[in-house]
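The values are calculated or read from the model by the stated rules, or taken from the named source; none is laboratory data. Given the structure is predicted, the values throughout are model-derived calculations rather than measurements. All Cβ positions, glycine included, derive from the backbone under ideal geometry; neighbour counts span all protein chains shown. For the accessible areas, the whole protein counts, side chains as well, though only heavy atoms, and no ligand, DNA or RNA atoms are used. Shrake-Rupley method; radii C 1.70, N 1.55, O 1.52, S 1.80 Å.
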Amino acid sequence: MRTLMNVPVILLLTACLLSGSGCGGSGDDKIVSVSGTVTYQGNPVPGIFVSFVPQMVTYSGPSTGKTDENGRYELTVFKTGRSGAVACTHKVWLSLPREEPTKVDKDEKMMKKKAEKSKKKGGSATEMLPADIAKILKKYGNLEKTPLTFEVTGEPIDLNLN
């Protein structure tokens, strides 16, 4: 009988410890605005997904955003749709939108042609070549292997890739 009375006390203590530790773990995670730019060797990286994954248990979970033509992104909490990310340490990884392979192949060919035309006209190639995207994804495209870790505080986070 004595052990049964201790069970609620143990559960209460466990709940208190979990709610007071880490980034959150309850429905009241502190969400802050997160935006920035993604560049590779000084050039903007358009059309890539940026995913911030909290390194501790949170109620809200990961946040994602897609870069525009200038490499700019703004994060949205995946679970709730709120703008921003949980204020804590995150692993950051990059990915391409999920599309049919034939569409991806066509887009890669089109990007390569645009970059070649731009170079011929004397301009700089602002479009990423498929080989550059492949290098980016090889280094930063796996959550387990990405070297990117950032503390989310509400300040802009620029990803300067090399």
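Looking at segment 30-84, the accessible area is 49 square angstrom per residue; that uses a 1.4 Å probe and ignores ligands, DNA and RNA.
With a/c under 1.5 counting as rounded, go ahead and sort segment 27-90 into rounded, prolate or oblate using the C-alpha gyration tensor (a ≥ b ≥ c being the square roots of the eigenvalues; past the cut-off, prolate if a/b is larger than b/c, else oblate). Since a/c reaches 1.5 and a/b is larger than b/c, the shape of segment 27-90 is classed as prolate. In this label model, residue 83 and residue 59 are separated by 2.1 nm, measuring between points 7 Å along each Cα→Cβ vector. Rounded to the nearest 0.05, the FRET efficiency derived from the C-beta distance between residue 142 and residue 28 at R0 = 45 Å is 0.90.
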